[in-house]
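J.: I'd like to ask you about the structure that follows.
The values are calculated or read from the model by the stated rules, or taken from the named source; none is laboratory data. These figures come from a predicted structure and were not determined experimentally. Neighbour counts run over all protein chains shown; Cβ positions are idealised from the backbone, glycine included. Areas reflect the complete protein model, heavy atoms only, side chains present, ligands, DNA and RNA absent. Shrake-Rupley method; radii C 1.70, N 1.55, O 1.52, S 1.80 Å.
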Amino acid sequence: MEKLDMLYKGKAKKLYSTDDPNVLWVEYMNQATAGDGAKKAQIQGKGSLNNRITTVLFRLLEAEGVKTDFIRRVSDTEQLNEKISMFPLEIIMRNTAAGSFAKRYGIKEGTQLKRPILEFCYKSDDLHDPFINVDGIVALGLATDEEMAEVSRQTRDISEKLTKIFHDIDVKLVDFKIEEGKNKDGEIVLADEITPDTCRLWDLKDGSGKVEHLDKDLFRRDLGDIIPAYEEIYKRLLALADRRGVKVE
Ligand code: UDP
């Protein structure tokens, strides 16, 4: 497989074409951003850790029957993904109130929700990814009702599986963001990344009840270095994959 032209440069990844029109070459960068790009830094080792963490998580989910666009990891910071047609949506699931949700409704961060909440944001840098509901998505032609029913079903399923994965490594999955798209066979699949950049992960290990962040909130809120936290998540996930007999390259 040959890495060809750069197609797109995002905040944390670069996408390249390859000699196969159905395959994308994805490079994870060391760049960290927060607050819609207002805060920016280069953090040595982040690209490699996120590339590896997303590889383990996608392999663990695939082992449980989740369909994804992931092909394989090809280097420290790079992986191959199927080229799919992405829905321009950030799909967010929340188990516990935190971040913008806690702020929006004036709830204390950490409040357990009576049921998980599925939210959508319209991916648009110019508009700062505004909140949108299914009626808005269908009315704007971003996806059909049927597609949104399937996206929602898959996201709730992924949420249950991810919550269990993190519970098994003594981490509370507070909330997360995923993206989905349609592959060449018209199937809706999980895409993009699942990393501590896109999840809120609270350590349950010390049992004191004090929140210990193992995610990008360390960077967003100037709470400390993200690398030891991301390394800890990676180490625990690898051990879980081993316990579950899931092969990770
Ligand atoms: N999230 C993300 N990308 C975004 C916005 C949010 O990955 O552009 C993730 C974030 O890491 C968290 C969840 O989605 O796990 C919910 O984020 P929230 O809406 O609370 O936004 P924030 O407080 O991070 O602005």
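J.: Report the residue count in region 144-179 for those that are of a type in the set (D, E, K, R) and within 14 Å of the ligand (Cβ to nearest atom).
T.: Of the residues in that region, 4 qualify.
J.: I'd like the full set of residues that are more than 13 Å from the ligand (Cβ to nearest atom), open to solvent by less than 30 Å² (accessible area, probe 1.4 Å) and either closer than 25 Å to residue 154 by Cβ or assigned to a loop (DSSP other than H, G, I, E, B) (or both), limited to region 213-235.
T.: 233
J.: Where in region 38-123 are there strands (runs of 3 or more DSSP E), lying wholly inside it, with at least 2 residues that are farther than 22 Å from residue 214 by Cα and within 12 Å of the ligand (Cβ to nearest atom)?
T.: In region 38-123, the matching strands (runs of 3 or more DSSP E) lie at 112-122.
J.: Could we say that residue 38 is among the hydrophobic types (A, V, I, L, M, F, W, C) and modelled with pLDDT of 95 or more here?
T.: Answer is no for this residue.
J.: Turning to a different aspect of this structure: Of the residues 247, 210, which single one is modelled with pLDDT under 95 and in a loop (DSSP other than H, G, I, E, B)?
T.: Numbers: 247 fails: modelled with pLDDT under 95.
Criteria check complete, one pass: 210.
Yes or no, residue by residue, for (1) buried (at least 18 other Cβ atoms within 10 Å of the Cβ); (2) assigned to a loop (DSSP other than H, G, I, E, B):
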| position | (1), (2) |
| --- | --- |
| 185 | no, yes |
| 202 | yes, no |
| 206 | no, yes |
| 239 | no, no |
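J.: I'd like the residue in region 186-202 that is of a type outside the set (A, V, I, L, M, F, W, C) and in contact with a strand residue (DSSP E or B) (Cβ under 6 Å, 6 or more places away or on another chain) and, out of all such residues, is farthest from the ligand (Cβ to nearest atom).
T.: If we take residues in region 186-202 being of a type outside the set (A, V, I, L, M, F, W, C) and in contact with a strand residue (DSSP E or B) (Cβ under 6 Å, 6 or more places away or on another chain), then 192 is farthest from the ligand (Cβ to nearest atom).
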